[in-house]
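Taking it in order: structure first as structure tokens, then the write-up.
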Amino acid sequence: MYHAIVFFPLIGALIAGLFGRTIGARMSELVTTGCLAFACLLAWGAFFLVTGDGRAETVHVAQWFTAGDLVVDWAFKVDTLTAVMLVVVTSVSTLVHLYSIGYMHEDPHRPRFFAYLSLFTFAMLMLVTADNLVQMFFGWEGVGLASYLLIGFWYEKPSANAAAMKAFIVNRVGDFGFSLGIFLVFVLTGSVGFDAIFAKAPELKDATFHFLGADWHALTFACLLLFMGAMGKSAQFLLHTWLPDAMEGPTPVSALIHAATMVTAGVFMVARLSPLFELAPTALTVVTVIGGITAFFAATIGLVQNDIKRVIAYSTCSQLGYMFVGLGVGAYATGVFHLFTHAFFKALLFLGAGSVIHAMHHEQDMRNMGGLRQYIPFTTAMMTIGTLALIGFPFTAGYYSKDAIIEAAYMSDRPGHVLAFLATVIAALMTSFYSWRLFFLTFEGPQRWVAHGAHGHDDHAHADAHAAHAHDADGKPGHHEGVAHDDKGHDVEPASHSAIEHHDDHGAHKPHESPLVMTIPLAVLAFGALFAGLIFKERFIGHDMDKFWGSALPHHSGNDIMHKIHDAPGWVANAPFVMLVLGFVLAFWMYLRRPDLPNRLATSQPILYRFLLNKWYFDEIYDRLFVRPAKNFGLFLWKESDGRVIDGFGPDGISARVVDVTRGVVRLQTGYVYHYAFVMLVGVAGLITWYLVSGVPAVGGAH
């Protein structure tokens, strides 16, 4: 069964990728979607089978390689944590495949797109079923490769290429730390298999590692390196800059990357290696602090973004911070539970945003929307459910998981827990505000797209022939100099986040509801966003958690925290609800009752507004600190080292002189006999002269 779950997506990817032109786009869609649906059914069966008693087993596939003392098997580690991830990955991926049939139906390169989607899913399944660090790294890098291909799917579009390269390069920074962590773990334990590592870890509790002239706590150093990989993959503070630009990919790609697969890989990795992190409390403190900072700072950026997908993207970044806070304070079950619930409502929000973009003829700027509720009522209802789950409205999925993390942060005694608690509570207020801001700007208020179309807005044409047929807008936010206007006609800010791809007269084409193949996945995800928390809360974080998790997660610290949650003060338990109400009231007042207030506030606080709009200037700072010096260094190597030295002494130096000499010698080969006779005479005269001058006796002369 587990072989089928992992390898059926690969089979679909190979069929669509290798034979897509032969079997056609429709068959490629059906094959890949069918393979994922079958894997999804098996994954749910495995979930209930494994979690029924919390049992764990190892399924051997093959021996991978042996190098000295290093023996790496290809095997599946099946426990509750694996089962949860199998369900999340296959469920969301299946729905994204189904949704893409409608969303991408005009793209001429659908076989390639569906092959990439299935390849992405296979790589993620390899990661979450890994029995050792090497196999995990294989899936880790496979996810990175597939994300590069998907983000840059419209490869003739320069901004898509730039975004794909950015995601790939930033992740390589984190992956370098991850690989060093794997090396160090092998040095310390002599193994890369999880069971062997965890068995050996308690003996290394006080071990040190000599590096750079100092002794470091070995497990802390190893866990920090491993967490560096998680920071890159899960877009945590400092290594987050790739995530917003990943919006260049088609909207289904955004849903797949941001909901269940790539960005949750780091959370899964820390949870899987939690027995190591338990022995490195300093590393867990770093996880807690980084998670809290990420939850806060990403939420601040989401407050002012105007691209509908970018708001949701920064929401993902913020929610990932919540997950790491849960892991960092030792309440591992809460972090994984939020990963589980987040997959449903975040995929719902992204696919709902895709439905809005589809309805708006590829418009993504929320300032050019409004009043869509009467035109796309089903999408509006689905986005409402996703919004409620995201902000943690009582009894929705996000309510149970996010509130548990906030309470765990408060009740924890780990250093940094106060910072994490305050950051997550404040982030809850901002999450509610920007979520309702998105909803009100998109579905309520005046129909700004009518005036927008009446002015004959010339949409930015898609730079690539592939996407000229695709139902996606996904343009990179540039720094355009055009000025947008709010409802009152005031200048707001440069329309830097307008992501429009086609030339459409929005006034002539009214918004329309998406086809059934796109709305069915929304309905399924909405069910999960509403009820996943209620159905599974007792198993994940409630009375049944011991039986549910079994040996998959550490218990001695996690359960202490879970028991302490029930003793949290009333104001702590009620704080998230108060924050979501305040956020709703503030957004309602600013965007429905007084739509002039946002512009006035932005005008009165231009420095703060620009700071947030430009994402804390991280891109500019990294460009100045890393990108430009790297380019200048490369230019120096090109011009001076390669050009002046290598080419100067090589092709343009010695070899050039040889060519000059041979070119002169070749001129002597004229083909005339009298030229050759003359040269011979000159040679004979030269020899005779040399003999006479040097005093050498003539041949045959007397001695």
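Give me the mean projected area, in nm² to one decimal, of the convex hull enclosing the Cα positions of segment 508-589.
Numbers: hull surface 40.0 nm².
The orientation-averaged projected area of the Cα hull of segment 508-589 comes to 10.0 nm².
Just to be sure I understand: if I project the alpha-carbon convex hull of segment 356-408 onto a plane and average over all orientations, what area do I get in nm²?
For segment 356-408, the mean projected area of the Cα convex hull comes to 4.7 nm².
Under the definition of Cα pairs under 8 Å and six or more residues apart, what whole-number percent is the relative contact order of the chain?
Here the relative contact order equals 14 percent.
Can you give me the Cα centroid spacing of segment 271-294 and segment 320-360 in angstrom?
20 Å
Please compute the length gained on full extension between Gln605 and Phe626, using 0.36 nm multiplied by the number of residues separating them and subtracting their Cα-Cα distance.
Here the segment from Gln605 to Phe626 would lengthen by 4.5 nm.
How charged is the neighbourhood of Phe19? Take every other residue with its Cβ under 14 Å from the Cβ of Phe19, and add Lys/Arg as +1 and Asp/Glu as -1. Spell out each step's value before the answer.
Details: positive: Arg21, Arg26, Arg110, Arg112; negative: Glu29.
Here the count lands on +3.
Distance check, please: which entries in Lys166/Lys233; Lys309/Lys402; Lys309/Lys346; Lys346/Lys564 exceed 18 angstrom between their Cα atoms?
Flagged as over cut-off: Lys309/Lys402; Lys346/Lys564.
Considering only protein heavy atoms and a 1.4 Å probe, what is the carbon-and-sulfur percentage of the accessible area of segment 162-234? Working shown, then result.
On the way: 2300 of 3180 Å².
Carbon and sulfur together cover 72 percent of it.
Any chance you could run the full-extension gain for Val679 through Leu49? It's 0.36 nm times the residue separation minus the Cα-Cα distance, nm to one decimal.
Gain on stretching Val679 to Leu49: 217.1 nm.
Does segment 2-144 come out rounded, prolate or oblate by the C-alpha gyration tensor, with a ≥ b ≥ c the root eigenvalues, rounded set by a/c under 1.5 and, if not, prolate when a/b is larger than b/c and oblate if not? Intermediate values should be presented prior to the final figure.
Details: a/c = 2.63, a/b = 1.55, b/c = 1.70.
Cα axes put segment 2-144 in the oblate bin.
Given just the C-alpha atoms of segment 315-437, how large is their convex hull per residue in cubic angstrom?
Working: hull volume 11.6 nm³, N = 123.
Once divided by residue count, the hull of segment 315-437 is 94 Å³.
Would you mind putting 266-278, 143-155, 307-319 in packing order, based on average other-beta-carbon counts within 10 Å, highest first?
On the way: 266-278: 24.7, 143-155: 23.1, 307-319: 26.7.
Ranking, from highest mean packing down: 307-319, 266-278, 143-155.
Could you tally the net charge around Val356, taking each other residue with its Cβ under 10 Å from the Cβ of Val356, Lys/Arg +1 and Asp/Glu -1?
Details: positive: Lys309; negative: Glu363.
Summing Lys/Arg as +1 and Asp/Glu as -1 gives 0.
Taking the Cα centre of segment 77-160 as the origin, how large is its charge dipole in debye, to the nearest 20, when only Lys and Arg (+1) and Asp and Glu (-1) carry charge on their Cβ atoms?
That gives a dipole near 60 debye.
Taking 0.36 nm per residue of separation and subtracting the Cα-Cα distance, what length does fully extending His210 through Trp589 add?
130.6 nm
Under a cut-off of 17 Å between alpha-carbon atoms, report the lysines in cross-link reach of Lys547, not counting same-chain residues fewer than 8 places apart.
The qualifying lysines are Lys537.
List the pair-distance distribution P(r) of segment 397-439, using every Cα-Cα distance, as the percent of pairs falling in each 10 Å bin from 0 up to the bin containing the longest distance, rounded to whole percents.
28, 47, 21, 4
Leaving ligands, DNA and RNA out of it, rank His210, His543 by accessible area with a 1.4 Å probe, largest first.
His543, His210
Considering only protein heavy atoms and a 1.4 Å probe, what is the carbon-and-sulfur percentage of the accessible area of segment 263-329? Write down the numbers at each step before the final one.
On the way: 540 of 660 Å².
Heavy-atom surface of segment 263-329 belonging to carbon and sulfur, 1.4 Å probe: 83 percent.
Might you tell me the accessible area per residue for the chain, computed with a 1.4 Å probe and given in Å²?
Details: 28330 Å² over 703 residues.
Value returned for the chain: 40 Å² of accessible area per residue.
As a test of reading the structure, rank Val61, Val128 by solvent-accessible area (1.4 Å probe, protein chains only), most first.
Highest to lowest solvent-accessible surface, that is Val61, Val128.
Cα centroids of segment 30-104 and segment 367-427: how far apart, whole angstrom?
Going from one Cα centre to the other spans 28 Å.
Once the Cα gyration tensor of segment 591-703 is found, what semi-axes does its equivalent ellipsoid get, as square roots of 5 times the eigenvalues, in whole Å, sorted largest first?
Semi-axes, largest first: 84, 18, 7 Å.
Taking Cα centroids, how far is segment 142-167 from segment 614-644 in Å?
Segment 142-167 and segment 614-644 have Cα centres spaced 21 Å from each other.
Please compute the contact order of segment 137-222 in relative form: average sequence separation of alpha-carbon pairs under 8 Å and at least six residues apart, divided by the residue count, as a percent.
Once normalised by length, the contact order is 18 percent.
Give, as a single signed number, the net charge of other residues whose beta carbon lies under 12 Å from the beta carbon of Ile654, with Lys and Arg counted +1 and Asp and Glu -1.
-2
I need the peptides 40-50, 292-302 ranked by packing, meaning the mean over residues of other C-beta atoms within 10 angstrom, with the highest value on top. Kindly include the intermediate steps, with their values, before the conclusion.
Values: 40-50: 17.9, 292-302: 25.4.
Put in order of decreasing packing, that is 292-302, 40-50.
At a temperature of 10 °C and a viscosity of 1.306 mPa s, determine how fast segment 149-288 diffuses translationally according to Stokes-Einstein, using the Kirkwood radius over alpha-carbon pairs as Rh; express D in µm²/s, rounded to the nearest whole number.
Here the translational diffusion coefficient equals 99 µm²/s.
Translational D (Stokes-Einstein, µm²/s) of segment 365-453 at 25 °C and 0.890 mPa s when Rh comes from the Kirkwood sum over C-alpha pairs?
Estimated via Stokes-Einstein, D reaches 166 µm²/s.
By accessible area of protein heavy atoms, probe 1.4 Å, what ranking do Ile169, Ile357 get, highest first?
Sorted descending by solvent-accessible area, the residues read Ile169, Ile357.
The values are calculated or read from the model by the stated rules, or taken from the named source; none is laboratory data. Fair warning: this is a prediction, and the values are worked out from it, not measured in the lab. Backbone-built Cβ (ideal geometry, glycine too); neighbour counts: all protein chains shown. To get the accessible areas, we keep the full protein, side chains included, count just its heavy atoms, and leave off ligands, DNA and RNA. Shrake-Rupley method; radii C 1.70, N 1.55, O 1.52, S 1.80 Å.
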